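*Asks:* Pasting a structure below so you can have a look.
The numbers here are math on the coordinates, done by the rules we state, and not lab data. The structure presented is a predicted model; accordingly, all values stated were derived computationally and were not measured. Positions of Cβ are backbone-derived with ideal geometry, glycine not excepted, and every protein chain shown enters the neighbour counts.
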Amino acid sequence: MEIIVTTLIKILFFVFGFVFSLAALLTWVERKQSAVMQDRIGANRAAILGFRALGLFHIIADSVKMFVKEDFTPSGAKRFIFSIAPGLSLFFALLAFVAIPFGDTLIVNGKPISLQIADLDVGILYVFAVMSMGVYGVVLGAWASNNNYGMLGGLRASAQMISYEVAIGVSIIGVLMVFETVSLSGIVKAQGQLIGGWLPKWGILVQPIGFLLFLTTGIAETKRIPFDAPEGESEIVGYFIEYSSMRFGMYFLTDFIETILIAAITVTLFLGGWQVPYLMADGFHFPWGSLWQLSNITVSILQVAAFTFKVAIMIFIMMNIRWTLPRFRYDQVMSLGWKILLPISLANIFITGVLIILMR
Amino acid sequence: MNVHDKYKPLTFWDRIFLPRVLQGLWLTNAHFFRNMWAHTLRAFGLKTDWKGSITYQYPEERRPFFPRLRTMHRLTKREDGTPRCVACMMCETACPAKCIYIVATERPEKQIEKVPATFDIDLGKCVFCGYCVEACPEDAIRMDTGIIEISSYTRNGMMLNKDMLLSFTPKKEYYVKETSLVE
């Protein structure tokens, strides 16, 4: 009974408090960041009683618009599948957050509570399994809407996501080899070790090529520019062409949630997750030998803050890439995935293995 | 120029994408951080002349017009306040959209025998070509009011009559400062 209550509280706090509010904020971030990059100002007109608050009220205005617009189902669409497809898409994107560690252990009334919704032993495999299920929401929506352009988008999405699923799976094997575990909390704990007594053993330092490969394939998994061939606003509009109102809003939100998910996985695997350099469970152990003791609650807050900060940095980088690069042509997407990323990932596994044996 | 010169085959550095991606990111990030720094300084009231964007916030802030811009028409007046127009029909003839409707009438004074009884312009038809201004021998019609927000819910609302055309004066504050509009 108690485990159900704590799990529900964790879901409420992490999924709805963290992921949903961050996804809503990202609609604003995307507008404003692209505006500043392009010497513009960006959305700033929505106001409440004359206060504009840097355009933050556009989040509210957008969601009100999404909810009150006409919800249209085209004739010839498979009504049931058409209705559940956006929900499936959103559901699978959110489900992956179950295994993400947001922090270490928090002690409440003498009982340890892990700041992770479910500490699965096969964490990373579970995340990838759920992520590849996400393609169902896209393909079902595209197929059920009885539109040629929608189906083209769905076919492109499925081909792209399945191709990059291979490369993304291979690209992380180097990390798993270095840290010798597939549990996400285990990987994060292993990144708390220090190389030579002072350098944090983060994944990006031991697997720099793996980091680049994972980031590239991860952006391809989110179906955003430069890998947005499934959407391609200027040519086929995409798999959600027939969707309107909040059903479209769900697809729109899924995009941002997947961005957060890829950022969170990148942080977990390569940027030390919730690790703050030199911060152990009882405080800072500096390499020159001094100790700054902190209480458990402070350490937990620092860890969650560090995780959030790192995710924000990764999202900033991904948004930067999204607003810098043009779209890859469809054949370029495929040749990049199969001819470049997959061979490099395989070579990365081989080199990592050789180095691990040599360093033993 | 040969097409094949323009589209050179990708070099090795182009094909591995990463250097070009970093080059692009360098450019966009240089803009981002310079503009963000300017916005931050402005927010704290420092360096207010340094702008982080090139946006004109339109209803509050207008982009200055150049004097050659053709805006809504007006009819000019003589010193005594009567319209300069002598109803010669030159503008009506020159108009390619046929949106000017003039009805001429007589005038008791000797020097000027004709004046317009009505002078209507249908802005719904007008293409803003400025031929009427060039055709006018009396400098009676001009397109320098500075009014560009022209809209109406009905077709009749787009009609301008003589009294309206005579009532407009050029909005000097909308134009660039260096210009001296000929009055």
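*Asks:* Excluding residues on the same chain fewer than 8 positions from A:LYS78, give the aspartates and glutamates whose Cα lies under 17 Å from its Cα.
*Replies:* Within the straight-line limit of under 17 Å, A:LYS78 reaches these aspartates and glutamates: A:GLU242.
*Asks:* For A:ILE11, A:ILE262, A:ILE351, what's the fewest-to-most ordering of other Cβ within 10 Å of each Cβ?
*Replies:* Listing A:ILE11, A:ILE262, A:ILE351 from fewest to most nearby Cβ atoms yields A:ILE351, A:ILE11, A:ILE262.
*Asks:* Select from B:GLY45, B:PRO83, B:ILE147 the residue farthest towards the positive end of the dipole of chain B; place +1 on Cβ of Lys and Arg, -1 on Cβ of Asp and Glu, and compute about the Cα centre.
*Replies:* Comparing the listed Cα positions along the dipole, B:GLY45 ranks first.
*Asks:* Right, something else. Quick one: check the C-alpha center-to-center distance for the range A:314-360 versus the range B:121-150, whole angstrom.
*Replies:* Cα centroid of the range A:314-360 versus Cα centroid of the range B:121-150: 61 Å apart.
*Asks:* Of the residues A:PHE16, A:PHE316, A:PHE240, which exhibits the maximal mean-square fluctuation in a Gaussian network model of chain A defined by a 10 Å Cα contact cut-off?
*Replies:* Ranking A:PHE16, A:PHE316, A:PHE240 by mean-square fluctuation puts A:PHE16 first.
*Asks:* Something else about it: Mind listing the long-range amide H neighbours of B:THR76? Cut-off is under 5 Å, sequence gap 5 or more, other chains count too, H placed in the peptide plane at 1.01 Å from N.
*Replies:* B:ARG84, B:ILE141, B:ARG142
*Asks:* Also, quick follow-up: Find the centroid of the Cα atoms in the range A:5-80 and in the range A:232-256, then give the distance between the two in whole Å.
*Replies:* Using only Cα atoms, the two centres lie 14 Å from each other.
*Asks:* Output the antiparallel fraction of DSSP beta bridges having both residues in the protein assembly as shown, as a percent to the nearest 5.
*Replies:* Numbers: 24 of 25 bridges.
Just about 95 percent of them are antiparallel.
*Asks:* From other protein chains only, count the Cβ atoms within 10 Å of every residue's Cβ in B:24-35, then give the mean.
*Replies:* Per residue, the average neighbour count from other chains is 5.
*Asks:* Pairs of Cα atoms under 8 Å, at least six residues apart: use those to get the relative contact order of chain A, whole percent.
*Replies:* 21 percent
*Asks:* Which of A:PHE92, A:PHE307, A:PHE67 moves the most in a Gaussian network model of chain A with Cα springs under 10 Å?
*Replies:* A:PHE67
*Asks:* Normalise the Debye intensity by I(0) for the protein assembly as shown, one equal point scatterer per Cα, no solvent, then take log10 at q = 0.05, 0.08 Å⁻¹ and round to two decimals.
*Replies:* -0.35, -0.72
*Asks:* What dipole magnitude, in Debye to the nearest 20, does the range B:74-174 give about its Cα centre under +1 on Lys/Arg Cβ and -1 on Asp/Glu Cβ?
*Replies:* Approximately 120 debye in magnitude.
*Asks:* Shifting gears a bit: Take peptide A:37-44, look around each residue's Cβ out to 10 angstrom, count Cβ atoms belonging to other protein chains, and average those counts.
*Replies:* Whole-number average of other-chain Cβ neighbours for A:37-44 is 5.
*Asks:* If I take the Cα coordinates of the range A:77-359 and project them onto the principal axes, what are the three extents in Å, biggest first?
*Replies:* 66, 47, 33
*Asks:* Can you work out ³J(HN,Hα) from phi for every residue in the range A:161-166, in order, using Karplus 6.51 cos²θ - 1.76 cosθ + 1.60 and θ = phi - 60°, giving whole Hz and x for Gly and Pro?
*Replies:* After applying 6.51 cos²θ - 1.76 cosθ + 1.60, I find 5, 5, 4, 7, 4, 5 Hz.
*Asks:* Work out from phi, with θ = phi - 60° and the Karplus expression 6.51 cos²θ - 1.76 cosθ + 1.60, the ³J(HN,Hα) of each residue of the range A:261-275, listed in order in whole Hz, and give x for Gly and Pro.
*Replies:* My calculation for the range A:261-275 gives 4, 5, 4, 5, 5, 4, 4, 5, 7, 10, 10, x, x, 8, 5 Hz in order.
*Asks:* Next question, about the same structure. Dipole size in debye (nearest 20) for chain A around its Cα centre, Lys and Arg Cβ +1, Asp and Glu Cβ -1?
*Replies:* The calculation lands at about 440 debye.
*Asks:* Quick one: what are the phi-derived ³J(HN,Hα) couplings along the range A:172-187, Karplus 6.51/-1.76/1.60 with θ = phi - 60°, whole Hz, x for glycine and proline?
*Replies:* 8, 4, x, 4, 4, 5, 5, 8, 6, 7, 10, 7, 5, 5, x, 5
*Asks:* Enter the mean projected area of the convex hull around the alpha-carbon atoms of chain B, in nm², rounded to one decimal.
*Replies:* Average projection, Cα convex hull of chain B: 19.4 nm².
*Asks:* Please list, ordered by chain and number, the residues whose modelled amide H lies under 5 Å from the amide H of B:ALA104; skip anything fewer than 5 residues away on the same chain.
*Replies:* B:ALA117
*Asks:* Under a 5 Å amide H to amide H cut-off, with H placed in plane at 1.01 Å, what residues pair with A:GLY283 once short-range neighbours are removed?
*Replies:* The list, which skips near neighbours in sequence, is A:LEU294.
*Asks:* For chain B, with a Gaussian network of springs between Cα atoms less than 10 Å apart, report the residue from B:VAL21, B:VAL86, B:VAL127 with the top mean-square fluctuation.
*Replies:* B:VAL21
*Asks:* To the nearest 10 degrees, how steep is helix A:296-322 against the longest Cα principal axis of chain A, on a 0 to 90 scale?
*Replies:* The helix A:296-322 is inclined about 40 degrees to chain A.
*Asks:* Under the rule that an exposed site lies in a DSSP loop and has at most 10 other Cβ atoms within 10 Å, name the longest stretch of chain A with no GluC sites (Glu not before Pro) of that kind, not counting the sites themselves.
*Replies:* It works out to A:234-360.
*Asks:* Another one. Which of rounded, prolate or oblate describes the range A:47-155 when judged by the alpha-carbon gyration tensor and an a/c cut-off of 1.5?
*Replies:* Taking the square roots of the gyration eigenvalues as a ≥ b ≥ c, the range A:47-155 is oblate.
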